[in-house]
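The values are calculated or read from the model by the stated rules, or taken from the named source; none is laboratory data. Here the structure is a predicted model, which means the values were calculated and not measured. Cβ atoms come from the backbone with ideal geometry, glycine included; neighbour counts cover every protein chain shown. SASA here: full protein model, heavy atoms, side chains in, ligands and nucleic acids out. Shrake-Rupley method; radii C 1.70, N 1.55, O 1.52, S 1.80 Å.
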Amino acid sequence: MTTYKIIFLCFLGLSVACNSQVNPEVQEIFSNLGENVIANDEAYNANIWIGACSYEVLINDMRVDYFFGRLNGTTSGSIPINPYILKTGWQTWTIRVFPEWKDRSYFDTNGISDGALVELQINKYKYKPNGDVETLYESEKFERKQPEGDYDAKFPDAGKPYVEYKGKFYAEVPYELEGWSNSQDLSKEDKDELFEELLKEYNTYRDLITNKELPEIARNIHKMKEERAIAKSNSNEELQEIITNFIDGWGHDMTMYPIEKVALKMYGNGKVIALERTDIMGHTPLIGSYLLEKDGEKYNKAVVISLHFHRPKGSSKLEVIR
(Lines give C-alpha, C1' and ligand atoms only; values in the text may rest on other atoms or scores of the structure.)
Protein backbone atom coordinates (compact mmCIF):
# COMPACT_ATOMS: atom_id res chain seq x y z
CA MET A 1 0.00 0.00 0.00
CA THR A 2 1.32 3.44 -0.91
CA THR A 3 0.75 6.25 1.58
CA TYR A 4 0.87 9.97 0.90
CA LYS A 5 1.94 12.70 3.26
CA ILE A 6 1.78 16.45 2.74
CA ILE A 7 4.70 18.55 3.94
CA PHE A 8 4.70 22.32 3.64
CA LEU A 9 7.92 24.18 2.85
CA CYS A 10 8.28 27.96 2.84
CA PHE A 11 10.84 29.31 0.37
CA LEU A 12 11.75 32.89 1.23
CA GLY A 13 13.23 33.41 -2.19
CA LEU A 14 15.16 30.14 -2.01
CA SER A 15 14.59 26.61 -0.83
CA VAL A 16 15.20 23.47 1.20
CA ALA A 17 17.71 20.76 0.48
CA CYS A 18 16.66 17.24 -0.47
CA ASN A 19 18.77 14.85 -2.56
CA SER A 20 21.86 16.70 -3.75
CA GLN A 21 21.93 17.57 -7.44
CA VAL A 22 24.55 19.26 -9.62
CA ASN A 23 24.09 22.26 -11.91
CA PRO A 24 27.42 23.80 -13.01
CA GLU A 25 25.73 26.81 -14.65
CA VAL A 26 23.94 27.76 -11.43
CA GLN A 27 27.17 27.22 -9.48
CA GLU A 28 28.89 29.67 -11.84
CA ILE A 29 26.12 32.29 -11.60
CA PHE A 30 26.19 32.21 -7.81
CA SER A 31 29.98 31.84 -7.53
CA ASN A 32 30.52 35.51 -6.58
CA LEU A 33 27.84 35.79 -3.87
CA GLY A 34 30.52 36.14 -1.19
CA GLU A 35 32.75 38.74 -2.88
CA ASN A 36 31.49 41.62 -0.74
CA VAL A 37 30.67 39.72 2.45
CA ILE A 38 32.37 41.14 5.56
CA ALA A 39 33.00 38.74 8.45
CA ASN A 40 30.63 39.74 11.24
CA ASP A 41 29.32 37.81 14.24
CA GLU A 42 26.65 40.35 15.21
CA ALA A 43 23.04 40.53 14.05
CA TYR A 44 19.73 42.22 14.83
CA ASN A 45 16.50 40.39 15.65
CA ALA A 46 12.92 41.52 16.18
CA ASN A 47 11.55 39.71 19.24
CA ILE A 48 7.77 39.49 19.07
CA TRP A 49 5.04 38.42 21.52
CA ILE A 50 1.47 38.31 20.20
CA GLY A 51 -1.85 37.11 21.58
CA ALA A 52 -5.51 37.03 20.49
CA CYS A 53 -5.06 39.03 17.27
CA SER A 54 -3.81 38.92 13.69
CA TYR A 55 -0.73 40.99 12.96
CA GLU A 56 2.06 42.11 10.64
CA VAL A 57 5.50 43.31 11.75
CA LEU A 58 7.52 45.49 9.37
CA ILE A 59 11.09 46.77 9.51
CA ASN A 60 11.68 49.83 7.33
CA ASP A 61 8.23 49.13 5.84
CA MET A 62 9.23 45.60 4.76
CA ARG A 63 7.19 42.79 6.25
CA VAL A 64 9.33 40.40 8.31
CA ASP A 65 6.60 38.43 10.11
CA TYR A 66 2.84 38.01 10.04
CA PHE A 67 -0.04 35.85 11.22
CA PHE A 68 -3.67 35.96 10.12
CA GLY A 69 -5.81 33.52 12.04
CA ARG A 70 -7.05 32.63 15.50
CA LEU A 71 -4.53 32.12 18.28
CA ASN A 72 -5.13 29.84 21.23
CA GLY A 73 -3.10 31.74 23.79
CA THR A 74 0.03 33.64 22.76
CA THR A 75 2.86 33.12 20.29
CA SER A 76 6.38 34.51 20.18
CA GLY A 77 9.35 34.53 17.87
CA SER A 78 12.77 36.03 17.23
CA ILE A 79 13.05 37.18 13.61
CA PRO A 80 16.42 38.02 11.94
CA ILE A 81 16.05 41.46 10.34
CA ASN A 82 19.48 42.38 8.90
CA PRO A 83 18.36 41.85 5.26
CA TYR A 84 15.91 44.73 5.82
CA ILE A 85 18.49 47.06 7.38
CA LEU A 86 20.25 48.65 4.41
CA LYS A 87 22.83 50.75 6.26
CA THR A 88 23.84 52.18 9.63
CA GLY A 89 21.39 54.72 11.01
CA TRP A 90 17.86 55.06 12.31
CA GLN A 91 15.48 52.27 11.33
CA THR A 92 11.70 52.06 11.69
CA TRP A 93 9.43 49.33 12.97
CA THR A 94 5.69 49.00 12.48
CA ILE A 95 3.15 46.64 14.04
CA ARG A 96 -0.21 46.33 12.27
CA VAL A 97 -2.86 44.74 14.46
CA PHE A 98 -6.10 43.23 13.14
CA PRO A 99 -8.88 41.18 14.74
CA GLU A 100 -8.64 37.42 14.70
CA TRP A 101 -10.12 35.61 11.73
CA LYS A 102 -13.69 34.46 11.58
CA ASP A 103 -12.49 32.20 8.78
CA ARG A 104 -9.62 32.25 6.26
CA SER A 105 -10.85 35.32 4.39
CA TYR A 106 -12.33 37.87 6.77
CA PHE A 107 -11.85 39.27 10.27
CA ASP A 108 -14.01 39.15 13.37
CA THR A 109 -16.49 42.01 12.94
CA ASN A 110 -16.41 42.68 16.70
CA GLY A 111 -12.95 44.13 16.23
CA ILE A 112 -9.72 43.47 18.10
CA SER A 113 -10.22 41.22 21.14
CA ASP A 114 -10.29 42.58 24.71
CA GLY A 115 -7.52 40.12 25.54
CA ALA A 116 -5.15 41.00 22.72
CA LEU A 117 -1.45 41.35 23.48
CA VAL A 118 1.29 43.00 21.40
CA GLU A 119 4.95 43.30 22.42
CA LEU A 120 8.07 44.08 20.39
CA GLN A 121 11.73 44.51 21.23
CA ILE A 122 14.72 44.92 18.90
CA ASN A 123 17.86 43.14 20.10
CA LYS A 124 21.41 43.00 18.79
CA TYR A 125 23.20 39.71 19.42
CA LYS A 126 26.80 38.56 19.23
CA TYR A 127 27.20 34.90 18.22
CA LYS A 128 30.31 33.38 19.79
CA PRO A 129 32.35 30.48 18.36
CA ASN A 130 31.42 28.26 21.34
CA GLY A 131 27.72 28.65 20.55
CA ASP A 132 26.95 31.21 23.25
CA VAL A 133 24.90 34.29 22.37
CA GLU A 134 25.58 37.66 24.01
CA THR A 135 22.99 40.45 23.97
CA LEU A 136 24.72 43.68 22.95
CA TYR A 137 21.68 45.92 22.68
CA GLU A 138 18.02 45.91 23.68
CA SER A 139 15.58 48.56 22.53
CA GLU A 140 12.91 49.78 24.88
CA LYS A 141 10.21 47.11 24.88
CA PHE A 142 6.97 48.20 23.25
CA GLU A 143 3.91 46.78 25.03
CA ARG A 144 0.16 46.97 24.49
CA LYS A 145 -1.88 44.58 26.65
CA GLN A 146 -4.25 44.27 29.57
CA PRO A 147 -2.70 45.61 32.78
CA GLU A 148 -1.36 42.65 34.72
CA GLY A 149 -3.70 41.51 37.48
CA ASP A 150 -6.60 43.69 36.29
CA TYR A 151 -8.90 41.11 34.74
CA ASP A 152 -11.64 43.67 34.09
CA ALA A 153 -9.34 45.80 31.95
CA LYS A 154 -9.17 45.54 28.15
CA PHE A 155 -6.53 45.80 25.47
CA PRO A 156 -6.13 49.59 24.96
CA ASP A 157 -7.43 49.45 21.37
CA ALA A 158 -9.99 46.66 21.82
CA GLY A 159 -12.98 46.81 19.47
CA LYS A 160 -11.16 48.64 16.69
CA PRO A 161 -11.02 47.03 13.23
CA TYR A 162 -7.34 47.96 12.86
CA VAL A 163 -4.58 49.76 14.72
CA GLU A 164 -0.98 50.53 13.79
CA TYR A 165 1.96 51.21 16.09
CA LYS A 166 5.26 52.71 14.98
CA GLY A 167 8.69 53.26 16.47
CA LYS A 168 12.36 53.52 15.59
CA PHE A 169 15.73 52.15 16.65
CA TYR A 170 19.35 52.83 15.77
CA ALA A 171 21.30 50.05 14.06
CA GLU A 172 25.01 49.90 13.36
CA VAL A 173 26.00 47.46 10.60
CA PRO A 174 29.33 46.91 8.75
CA TYR A 175 27.77 47.05 5.28
CA GLU A 176 25.70 49.31 3.04
CA LEU A 177 23.16 47.82 0.63
CA GLU A 178 21.41 49.59 -2.20
CA GLY A 179 18.30 47.45 -1.85
CA TRP A 180 15.29 49.54 -2.81
CA SER A 181 16.74 52.85 -1.55
CA ASN A 182 17.23 54.26 -5.08
CA SER A 183 14.30 52.44 -6.67
CA GLN A 184 11.44 54.20 -8.39
CA ASP A 185 8.36 55.18 -6.38
CA LEU A 186 5.75 52.68 -7.56
CA SER A 187 3.02 54.34 -5.52
CA LYS A 188 2.94 57.09 -8.18
CA GLU A 189 2.19 54.64 -11.01
CA ASP A 190 -1.21 53.56 -12.31
CA LYS A 191 -2.30 50.77 -9.94
CA ASP A 192 -4.21 48.75 -12.53
CA GLU A 193 -1.31 48.77 -15.00
CA LEU A 194 1.15 47.97 -12.22
CA PHE A 195 -0.99 45.03 -11.10
CA GLU A 196 -1.08 43.58 -14.61
CA GLU A 197 2.68 44.01 -14.99
CA LEU A 198 3.34 42.30 -11.67
CA LEU A 199 0.89 39.50 -12.42
CA LYS A 200 2.82 38.84 -15.64
CA GLU A 201 6.06 38.59 -13.61
CA TYR A 202 4.51 36.07 -11.22
CA ASN A 203 3.27 33.96 -14.10
CA THR A 204 6.73 34.13 -15.67
CA TYR A 205 8.28 32.77 -12.47
CA ARG A 206 5.55 30.14 -12.27
CA ASP A 207 6.55 28.96 -15.77
CA LEU A 208 10.28 29.11 -15.00
CA ILE A 209 9.76 26.94 -11.92
CA THR A 210 7.53 24.49 -13.80
CA ASN A 211 10.13 24.17 -16.56
CA LYS A 212 13.03 23.92 -14.07
CA GLU A 213 14.89 26.80 -15.73
CA LEU A 214 17.27 27.15 -12.79
CA PRO A 215 19.98 29.28 -14.48
CA GLU A 216 17.38 31.88 -15.54
CA ILE A 217 15.90 32.00 -12.04
CA ALA A 218 19.39 32.24 -10.52
CA ARG A 219 20.29 35.20 -12.75
CA ASN A 220 17.00 36.93 -11.90
CA ILE A 221 17.37 36.63 -8.12
CA HIS A 222 21.16 37.09 -7.96
CA LYS A 223 21.07 40.59 -6.46
CA MET A 224 18.58 39.53 -3.82
CA LYS A 225 20.76 36.57 -2.87
CA GLU A 226 23.93 38.68 -2.87
CA GLU A 227 22.43 41.35 -0.60
CA ARG A 228 21.04 38.77 1.80
CA ALA A 229 24.48 37.10 1.97
CA ILE A 230 26.12 40.44 2.81
CA ALA A 231 23.47 41.34 5.41
CA LYS A 232 23.72 37.92 7.08
CA SER A 233 27.52 37.76 6.73
CA ASN A 234 27.31 34.24 5.32
CA SER A 235 30.47 32.14 5.50
CA ASN A 236 31.82 30.30 2.46
CA GLU A 237 30.31 27.10 3.84
CA GLU A 238 26.91 28.77 4.26
CA LEU A 239 27.08 30.23 0.75
CA GLN A 240 27.73 26.80 -0.74
CA GLU A 241 24.80 25.45 1.25
CA ILE A 242 22.61 28.22 -0.17
CA ILE A 243 23.61 27.23 -3.71
CA THR A 244 23.09 23.52 -3.03
CA ASN A 245 19.69 24.18 -1.46
CA PHE A 246 18.65 26.26 -4.46
CA ILE A 247 19.58 23.51 -6.92
CA ASP A 248 18.05 20.75 -4.79
CA GLY A 249 14.86 22.62 -3.96
CA TRP A 250 14.02 24.02 -7.38
CA GLY A 251 15.19 21.10 -9.47
CA HIS A 252 12.09 18.96 -9.00
CA ASP A 253 9.15 18.27 -11.31
CA MET A 254 7.04 20.95 -9.70
CA THR A 255 3.30 21.32 -10.20
CA MET A 256 2.53 25.02 -9.79
CA TYR A 257 -0.98 26.22 -9.00
CA PRO A 258 -2.69 29.06 -10.93
CA ILE A 259 -1.97 32.65 -9.86
CA GLU A 260 -5.45 33.73 -8.80
CA LYS A 261 -7.41 35.60 -6.12
CA VAL A 262 -4.62 38.12 -5.60
CA ALA A 263 -4.18 41.77 -4.72
CA LEU A 264 -1.28 44.20 -5.10
CA LYS A 265 0.54 45.03 -1.85
CA MET A 266 3.10 47.80 -1.42
CA TYR A 267 6.10 47.82 0.88
CA GLY A 268 9.37 49.72 1.20
CA ASN A 269 7.58 53.10 1.38
CA GLY A 270 6.05 52.55 -2.04
CA LYS A 271 9.17 51.18 -3.74
CA VAL A 272 8.57 47.43 -3.30
CA ILE A 273 5.54 45.41 -4.38
CA ALA A 274 4.20 41.88 -4.13
CA LEU A 275 1.05 39.94 -4.89
CA GLU A 276 -0.78 38.37 -1.97
CA ARG A 277 -3.80 36.10 -1.93
CA THR A 278 -7.15 37.54 -0.89
CA ASP A 279 -8.70 34.21 0.12
CA ILE A 280 -5.79 33.15 2.36
CA MET A 281 -4.75 36.52 3.69
CA GLY A 282 -1.09 37.45 3.61
CA HIS A 283 0.00 34.40 1.61
CA THR A 284 2.00 34.52 -1.62
CA PRO A 285 0.20 33.09 -4.67
CA LEU A 286 3.35 31.27 -5.86
CA ILE A 287 2.39 27.84 -4.55
CA GLY A 288 3.18 24.41 -5.92
CA SER A 289 4.09 20.87 -4.95
CA TYR A 290 6.24 17.93 -5.98
CA LEU A 291 6.23 14.23 -5.18
CA LEU A 292 9.03 12.70 -3.14
CA GLU A 293 9.25 8.98 -2.42
CA LYS A 294 11.16 7.65 0.58
CA ASP A 295 11.03 4.31 2.40
CA GLY A 296 7.98 3.19 0.43
CA GLU A 297 6.01 6.33 1.21
CA LYS A 298 5.20 9.18 -1.14
CA TYR A 299 5.47 12.66 0.27
CA ASN A 300 3.59 15.46 -1.46
CA LYS A 301 5.67 18.53 -0.64
CA ALA A 302 3.80 21.80 -0.90
CA VAL A 303 6.09 24.70 -1.79
CA VAL A 304 5.36 28.36 -0.95
CA ILE A 305 7.58 30.92 -2.67
CA SER A 306 7.73 34.55 -1.54
CA LEU A 307 9.14 37.19 -3.90
CA HIS A 308 9.15 41.00 -3.68
CA PHE A 309 9.82 43.24 -6.68
CA HIS A 310 11.13 46.76 -7.28
CA ARG A 311 11.84 48.91 -10.34
CA PRO A 312 15.50 49.98 -10.30
CA LYS A 313 16.38 53.57 -11.03
CA GLY A 314 16.58 54.16 -14.79
CA SER A 315 14.94 50.82 -15.60
CA SER A 316 11.52 50.00 -17.01
CA LYS A 317 11.54 46.43 -15.68
CA LEU A 318 10.40 44.97 -12.37
CA GLU A 319 13.08 42.87 -10.66
CA VAL A 320 13.22 40.69 -7.55
CA ILE A 321 14.83 42.49 -4.60
CA ARG A 322 13.74 40.34 -1.61
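List every residue pair whose Cβ atoms lie under 9 Å apart, where the two residues are 6 or more positions apart in sequence or sit on different chains, the first residue falls within region 87-116 and is open to solvent by 10 Å² or more (accessible area, probe 1.4 Å), and the second residue, located anywhere, is assigned to a strand (DSSP E or B) and acidic (Asp, Glu). Taking only residues 6 or more apart or on different chains, the pairs are 96/56; 96/164; 98/56. Summed over region 100-146, residues that are in a strand (DSSP E or B) and either closer than 15 Å to residue 69 by Cα or out of contact with any Pro (no Cβ under 9 Å at 6 or more places or on another chain) (or both) total 21. For region 147-157, the count of residues that are assigned to a helix (DSSP H, G or I), more than 27 Å from residue 89 (Cβ to Cβ), open to solvent by less than 60 Å² (accessible area, probe 1.4 Å) and of a type in the set (Phe, Trp, Tyr) is zero. Figure legend. Inter-residue proximity from region 189-212: first residues modelled with pLDDT of 95 or more, second residues open to solvent by 30 Å² or more (accessible area, probe 1.4 Å), beta-carbon distance below 7 Å, spacing 6+ or different chains. Indicated pairs: 191/264; 194/264; 195/264; 198/264; 208/216. Could you please let me know if residue 225 is surrounded by 18 or more Cβ atoms within 10 Å (Cβ to Cβ) and closer than 17 Å to residue 29 by Cβ? Considered against the rule, which asks whether it is surrounded by 18 or more Cβ atoms within 10 Å (Cβ to Cβ) and closer than 17 Å to residue 29 by Cβ, residue 225 comes out as yes. Residues in region 134-146 that are of a type in the set (S, T, N, Q) and surrounded by 14 or more Cβ atoms within 10 Å (Cβ to Cβ) were compared, and the one that is nearest to the chain's Cα centre (by Cα) is 139.
Yes or no: region 313-321 includes at least one residue that is open to solvent by less than 20 Å² (accessible area, probe 1.4 Å) and within 17 Å of the chain's Cα centre (by Cα). Yes; the residues of region 313-321 include at least one that is open to solvent by less than 20 Å² (accessible area, probe 1.4 Å) and within 17 Å of the chain's Cα centre (by Cα).
Residues are listed down the side, and each one gets a yes or a no for (1) closer than 24 Å to residue 62 by Cα; (2) at pLDDT below 95; (3) in contact with a Pro (Cβ under 8 Å, 6 or more places away or on another chain):
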| residue | (1), (2), (3) |
| --- | --- |
| 215 | no, no, no |
| 224 | yes, no, no |
| 234 | yes, no, no |
| 262 | yes, no, yes |
| 268 | yes, no, no |
| 272 | yes, no, no |
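Scanning region 117-132 for residues that are more than 15 Å from residue 82 (Cβ to Cβ) and open to solvent by 70 Å² or more (accessible area, probe 1.4 Å) yields 128, 129, 130, 132.
Taking the residues in region 61-86 that are under 20 Å from residue 321 (Cβ atoms) and open to solvent by less than 30 Å² (accessible area, probe 1.4 Å) as candidates, determine which candidate is farthest from the chain's Cα centre (by Cα).
Of region 61-86, the ones under 20 Å from residue 321 (Cβ atoms) are 61-66, 79-86.
Subsequent filtering for residues that are open to solvent by less than 30 Å² (accessible area, probe 1.4 Å) retains 61-62, 64, 81-83, 85-86.
Details: 61: 12, 62: 8, 64: 5, 81: 10, 82: 12, 83: 10, 85: 14, 86: 16 Å.
By that ranking, first place goes to 86.
Specify which of the listed residues (242, 221) is over 22 Å from residue 275 (Cα atoms) and among the β-branched types (Val, Ile, Thr). Before the answer, list the steps.
Working: 221 fails: over 22 Å from residue 275 (Cα atoms).
From the options 242, 221, the qualifying one is 242.
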